[in-house]
Amino acid sequence: MKFSAALAIAALTGANAFVAPQSSRAATQLAMSDYSVNTSVRDNVDVGVGGPLSSGVGGRDLAEIWDNSSPVIVQGGSLRTWSFANPAIESVQVLLKTEGRPLDADVELWQGPDNTPHKMRVYVEDGALRTFNAVIGTPRGPNTVAIRNIGQLEFPLDAVVRPDRDDGLAANIASVAQRSETIQGGALRTYPFDPSVDSVAIILKTDGRPLNARIELLQGPNNNKQVVELYTEDGLDRPFFAIVETPGSGNVVRVVNTAPVEFPLYASVDAYRVGGGIDWPDDGLMIGRAF
């Protein structure tokens, strides 16, 4: 009996040696929330705190950029390039204007041979009344920004391309972002603004997929004042920031996702600078309100 009891105890001890240790499920199981992708334009930016709209000085930074920079004249049919070898420069400001004539240009970002991760086609009816102002991402330098004036010889343009600081134009645009919505592939959204809005801040991004979009500023039926056709190979790594000037009344910003349905984008379109209008809401947006 004693021998049988000892044999049973030895068998139980040996069986326990082959039992796998219990580990925490939280340490090994991947929850869906851990894999979620942040799509809000407010990521890593203090949105709505001390922005140009809240402080009442929105838009002055654009004038300061032109005043403190030396614009380069790009003649019709010619090409100019700006190279940034410093890898610490993660975004650059691109500003274009004319003396009142139409503006028609191609803007491309070159990174390495035959690699164009970002490109735009820009048209503005009046390059003095509505200047083109954008910020494009330039991570992992060196990078080169190329601007080609595809207009005729009689239509030169002035260009400013310079690095964007952490507290620069992109941060000002993000600081006034109030809402972000999804635009599915092939769909469009329109954003009408009242006459008190002098300029509009636009942010477009994706969850890491390519970004293909068309941004239009309409003033009247089918009257395009400004058109931007945009492509970015990674809308999360290289989001698009822009300021569209909206003088006058009847301004509508239309954003079209020109990609297939598998490539949604996330858009934020808000008033950037509000003028001296009276009896208008603070954000200037007319959707869903009766006046």
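The values are calculated or read from the model by the stated rules, or taken from the named source; none is laboratory data. In this text the structure is predicted, and so the values were computed from the model without any measurement. Backbone-built Cβ (ideal geometry, glycine too); neighbour counts: all protein chains shown. The accessibility values were calculated without ligands, DNA or RNA, using every heavy atom of the protein model including side chains. Shrake-Rupley method; radii C 1.70, N 1.55, O 1.52, S 1.80 Å.
Residue count for the stretch 60-95, restricted to those that are polar (S, T, N, Q) and open to solvent by less than 30 Å² (accessible area, probe 1.4 Å): 3.
Here is the figure for the stretch 101-120: residues that are farther than 18 Å from residue 223 by Cα, open to solvent by 20 Å² or more (accessible area, probe 1.4 Å) and in contact with a strand residue (DSSP E or B) (Cβ under 6 Å, 6 or more places away or on another chain) total 6. Here's a check for you: in the stretch 172-214, which residue that is touching a Lys or Arg at 6+ places or on another chain (Cβ under 8 Å) and open to solvent by less than 30 Å² (accessible area, probe 1.4 Å) is farthest from residue 229 (Cα to Cα)? Here the answer is 197. Looking only at the stretch 144-198, residues that are in contact with a Gly (Cβ under 6 Å, 6 or more places away or on another chain) and hydroxyl-bearing (Ser, Thr, Tyr) come to 2 in all. Being open to solvent by 70 Å² or more (accessible area, probe 1.4 Å) and of a type in the set (Val, Ile, Thr) is not true of residue 98. When the stretch 247-262 is filtered for residues that are modelled with pLDDT of 95 or more and of a type in the set (Ser, Thr, Tyr), only 258 remains.
The residues listed here are 274, 269; of these, the one that is touching a strand residue (DSSP E or B) at 6+ places or on another chain (Cβ under 8 Å) and open to solvent by less than 10 Å² (accessible area, probe 1.4 Å) is 269.
Of the residues examined, residue 233 is not one that is open to solvent by 60 Å² or more (accessible area, probe 1.4 Å), closer than 19 Å to residue 133 by Cβ and over 12 Å from the mean Cα position of the chain (by Cα). Scan the stretch 151-171 for residues that are surrounded by 15 or more Cβ atoms within 10 Å (Cβ to Cβ) and either part of a loop (DSSP other than H, G, I, E, B) or over 22 Å from the mean Cα position of the chain (by Cα) (or both) and the total you get is 7.
Within the stretch 90-126, can you find the residues that are part of a strand (DSSP E or B) and either closer than 13 Å to residue 138 by Cα or aromatic (Phe, Trp, Tyr) (or both)? Matches in the stretch 90-126: 91, 92, 93, 94, 108, 109, 110, 118, 119, 123.
The number of residues in the stretch 136-150 being assigned to a strand (DSSP E or B) and open to solvent by less than 10 Å² (accessible area, probe 1.4 Å) comes to 7.
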